[in-house]
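All remarks here apply to the structure that follows.
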Amino acid sequence: MTVMGKVVATEQPLLKVEGLTKRYGPRIGCADVSFDLWPGEVLGIVGESGSGKSTLLSCLAGHQRADLGRVSYDGRDVLAMSETERRRLSRTDWAYVHQNPRDGLRMGVSAGGNVGERLMAVGARHYGEIRGKALDWLGRVEIAADRVDDRPSAFSGGMQQRLQIARNLVTSPRLVCMDEPTGGLDVSVQARLLDLLRGLVRDLGLSVIIVTHDLAVVRLLAHRLMVMKSGRVVEQGLTDQVLDDPQHAYTQLLVSSVLQV
Amino acid sequence: MIRIENLSKSFTLHNQGGAVIPVMTGVALTVSAGECVGLTGQSGAGKSTLMRMVYGNYLTAGGRLVVGDTDVASAEPRQIIALRRHTLGYVSQFLRVVPRVPTLDVVAEPLLALGTPATEARGRAASLLKRLNIPDRLWALSPTTFSGGEQQRVNIARGFAHAYPALLLDEPTASLDAANREVVLTLIEEAKARGAAILGIFHDEGARARVCDRLVDVTGFTPKAAA
Amino acid sequence: MTEHLAAGAYNFAYLDEQTKRMIRRAILKGIAVPGYQVPFASREMPMPYGWGTGGVQVTAACLVPEDRLKVIDQGADDTTNAVSIRRFFQRTAGVAVTEATGQATVIQTRHRIPESALKQGQILVYQVPIPEPLRFLEPRETETRKMHELEEYGLMHVKLYEDIARHGQIATSYAYPVRVEGRYVMDPSPIPKFDNPKLSGNPAIQLFGAGREQRIYALPPWTQAVSLDFDDHPFETSKAPHDCDLCGAKDSYLDEVITDDQGGRMFVCSDTDYCAGRRARGMKGRLWAPEPEGAA
C-alpha cells in the first residue's frame, strides 16, 4: 500500500489539459484552461455559479465537445479518440460522480445491480462474483449488506451519493470527476462522505477532479486548487496556499466572503 | 536541512485599492540537522508568516527557501506536497480535520499517507496519544469536540507521528499543563536526537531555553519602510 | 405477382408493389446483418397495432402465389388472431393455407415456435411488439442505438442480475434476450424461453416484424443465437412439469386450461397441430376421450 509514495515519483501526469476552450455561441463556457493532474492527486476547482467549472468538467469527461485545446490522458489524445474508445474509458478508467445521485444511478435497479453494472459492462459473467464485489463495495461506502437488493429510491440522499460513489469506483478507475458531490447533503452526512473520499483517494491512489463552491470541502479534500471566474482560471496552486495567501483579487474576495463558523 | 537566503514577502490587498504591504525582506537563516532554532520577535513581527512561507502555505516574493533538496520558493505544488508528506512536518496552533474522523485516525493519517500499514500506523498513533495523556476512551471520538488543550496535544501527536527530517513548531507548549509540557519538550529533544531540523516559535521562555540551540529575531527582517 | 384476384380487388397480398419492394430491401438488410434492427416505413394495415401489423407486412412481402401459409397465435391455428390473418391472406393473396407445420412454406407466428423442426426453405415470420431488448433499463432510443453500435450490452445482464437477486433465479420466462453470432443482442419477441434453443442453428429463415415500432430484423438459416446468462446461473428452458393431457407429449410446451370452477385444470400442447398430429398417430394423454361418432 505504498501507492501515494510511488505516485509522487511517477514522471508522467495522468491528465494533461492545454488551452481547453468551449464556447456557447458568443458566450464563453471556459477559455484557455490548462493544468496537469498527477496520479494520486486531488484537484479542486472552485468559483461561483456560471464560472465555467461544470463546463470544464463535462468537456473533460467527454459529455461535451471542446472547441479548442488538447486533453491527453495517460499519453492518449482524448479529443481525437473514437467514441467507442472514449466510452470504454468512461466505463473502466474514468468515473463521474454527479451532484444529483439520480443522474448517476439507475433508480429502478437494486443497489447491487447499480454497483454491478460497470462490472457486467466490462464482461463479468459470474453472478456470485459480481454480487460479492457489490457487497464489498457497499461495505466500503458504509451501506449495510441487507440493503443490497433495495432500490436507491428507498435510500436517503447521503446513501444515494455513497452508492453512486461505489458504483463508480467498483472498476478501480484512475480518474474520478466529481461535480459538487457534497452539494445538497446535510452537514453531518457531508463530513462522513468527505472522510470516505479521503480514505479512498489515499488507499486507491485515485486522481480526482472535484468541482465545488464549498471552500471548506476543498480545503479538506484537495491537494491543489484552481479558481475560475468567467470561464477562465485566475489562480491555481496548493490548496492551503491559495486559500491562506490568495494572490488574485477575485480569490481574495471569494475567501473573505466565506462565513466564519 | 533548512536554508533561507534573501527571502522577502509582501501582501497585495486587491480589495483595498491594490495596496501592497511589504512584510519581510532579506530573511536569511539556516537550520541544520539535529538543531532547533527559535524565532523571536514581537507579536506581528512575522514569526508565523515566516513559518508559513517555509511550509509553502504563503508564497514568497523573492529569494531562496530550501528544505532538504526542494526550493519551496520556486517548487511546483506537487513537489511541495511530496515535501510535506515525506520531509517537512508542521504543528500549527490550530487543528483542522474532517469532522467525524476518530482521533486515532487523525493522528495516524500522516503515516497512512506514506503507505504505512494501518495497524502499524494506529499503533504508533496510540502510543503518542498515551504519552500525551489523551485518555483512550477519547480515541474513537472526533477531536473537534475536545477542549483547546486536548486539541493541541492531538495536533502535536499528529505532527510527531512520522519522523520528519524537518519540523516546524508553532507554540507547541501553549495551553499545556506542566506534565504535558514536559512530554512535548521530551518529544522535541528526541526528534533533535534522531537528527531532525526544527524551526520553532516558543513564547514559553523556559521551553525556548531548554530546546533551542539558537535564536533568530525576525524583527531584523522587517522592511524599513513599513517600520 | 402482379396478377389480380379479380378486377378492382386488392393488389396481391394487399400491399402495393413499391411497398413490398421497400420491405424486401429491409428484410435483405436484416438477413445481411443478423440481429440488427432495420428501420422500415411501416404502413397502416387494416387491423390495429398489436394485432400483428409488422408480421403481416413481412409476410405480405414474402408471399408468392405458390406459397402455402400457416398462421398461429400462441401455437394455435384456431384462435381469433390466427384465423383472421389467415383469412386476410386467403382473400388478398389467394394463397393456399394449411395447419400442418411440415406443409407450410411461410408460417406467421405470435409468441411461439412450432414444436416440429422446421426445414430449409421455410420462412418463419414473428410478430414483434417491442423490438428493443435494452428498453427495459434504458428508455432513450438514441442511447440504445448507440449501445448496439458500440456493443455495450452490460445492461442486459443487469436485468438478469436483478432477476436472480429478487427471485433466486433468472425469472425472465419469455422474450428472453439472445446474442446473435456474438454481435447484436436481440429480442426474440415474446416467445417462451422454452423455444429459445430452436432459434439457434435453425434451417428456416426467421424474420421479425414490428409494425408500430417500424423495425424488421432477421436470423438467416443456421445462425447462432445464444441466450444470455451467467456462468453460475446458466440459461435453462422451462415448461409446466406435466405431460400433455390430450396427446401425452412429454417434450412440448403446455398451456394450462381451467376446466371448471372447482379447481379442475388440464395441461395441453400449445402447438395444436403438433398435438393433433400425435393424436392422429394414436398417442393418447390422460384425459383424451375421442368424441363419439355423429356428435355435434
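The values are calculated or read from the model by the stated rules, or taken from the named source; none is laboratory data. What you see is a predicted model, and the numbers here were worked out from it, not measured in a lab. Note: ideal-geometry Cβ built from the backbone for every residue, glycine included; neighbour counts use all protein chains shown.
Points to keep in mind about this one:
- Only one of A:84, A:92 that is in contact with a Ser or Thr (Cβ under 8 Å, 6 or more places away or on another chain), surrounded by fewer than 21 Cβ atoms within 10 Å (Cβ to Cβ) and not aliphatic (A, V, I, L, M): A:92
- Within the stretch B:19-53, the set of residues being touching a helix residue (DSSP H, G or I) at 6+ places or on another chain (Cβ under 8 Å) and surrounded by fewer than 14 Cβ atoms within 10 Å (Cβ to Cβ) comprises just one member, B:42.
- Being of a type outside the set (S, T, N, Q) and free of Cβ contacts under 8 Å to residues at least 60 places away in the same chain is a condition met by no residue of the stretch A:90-101.
- Selection from the stretch B:112-131 of residues that are hydrophobic (A, V, I, L, M, F, W, C) and modelled with pLDDT under 95: B:112, B:113, B:114, B:118
- Of the set (1) within 16 Å of residue B:89 (Cβ to Cβ); (2) at pLDDT below 90, all apply to residue B:171 but (2).
- Within the stretch B:172-212, if we keep just the residues that are in contact with a helix residue (DSSP H, G or I) (Cβ under 8 Å, 6 or more places away or on another chain) and among the charged types (D, E, K, R), the residue that is nearest to residue B:29 (Cα to Cα) turns out to be B:192.
- Within the stretch C:230-260, the set of residues being over 18 Å from residue C:112 (Cβ atoms) and among the small types (Gly, Ala, Ser) comprises C:248 only.
- Any hit, the stretch A:16-29, residues being within 14 Å of chain B (Cβ to nearest Cβ) and either in contact with a Lys or Arg (Cβ under 9 Å, 6 or more places away or on another chain) or over 26 Å from residue A:172 (Cβ atoms) (or both): yes
- Pair list, Cβ under 8 Å, 6 or more apart: the stretch A:32-58 residue surrounded by fewer than 21 Cβ atoms within 10 Å (Cβ to Cβ), other residue hydroxyl-bearing (Ser, Thr, Tyr) and part of a strand (DSSP E or B): A:32/A:21
- Residue in the stretch A:49-63 that is more than 22 Å from residue A:121 (Cα to Cα) and over 18 Å from the mean Cα position of the chain (by Cα) present: yes
- Filtered residues of the stretch A:50-66 (kept if touching a helix residue (DSSP H, G or I) at 6+ places or on another chain (Cβ under 6 Å), away from every other protein chain (no Cβ under 14 Å) and of a type outside the set (A, V, I, L, M)): A:64
- Number of residues in the stretch B:115-148 that are buried (at least 16 other Cβ atoms within 10 Å of the Cβ), in a helix (DSSP H, G or I) and away from chain A (no Cβ under 14 Å) equals 7.
- Scan the stretch B:153-190 for residues that are of a type in the set (A, V, I, L, M, F, W, C), under 21 Å from residue B:82 (Cβ atoms) and not in a loop (DSSP other than H, G, I, E, B) and the total you get is 5.
- Between A:69, A:104, A:47, the distinction of being more than 14 Å from chain C (Cβ to nearest Cβ), more than 20 Å from residue A:173 (Cβ to Cβ) and touching a helix residue (DSSP H, G or I) at 6+ places or on another chain (Cβ under 8 Å) belongs to A:47 only.
- Applying a threshold of 8 Å to beta carbon distances and a minimum spacing of six or more residues, or different chains, the list of pairs starting in the stretch A:130-157 at a residue that is within 13 Å of another protein chain (Cβ to nearest Cβ) and ending at one that is crowded, with 19+ Cβ neighbours inside 10 Å and basic (Lys, Arg) reads A:142/A:162; A:142/A:192; A:148/A:131.
- Listed here are the strands (runs of 3 or more DSSP E) enclosed by the stretch C:112-220 that have at least 1 residues being within 14 Å of another protein chain (Cβ to nearest Cβ), of a type outside the set (S, T, N, Q) and surrounded by 18 or more Cβ atoms within 10 Å (Cβ to Cβ): C:178-180, C:184-186.
- Residue within the stretch C:135-152 that is at positive phi and modelled with pLDDT of 95 or more present: no
- Here the stretch A:172-207 is the region considered, the condition is being touching a residue at least 40 places away in the same chain (Cβ under 8 Å) and within 27 Å of residue A:256 (Cβ to Cβ), and the residue that is nearest to the chain's Cα centre (by Cα) is A:178.
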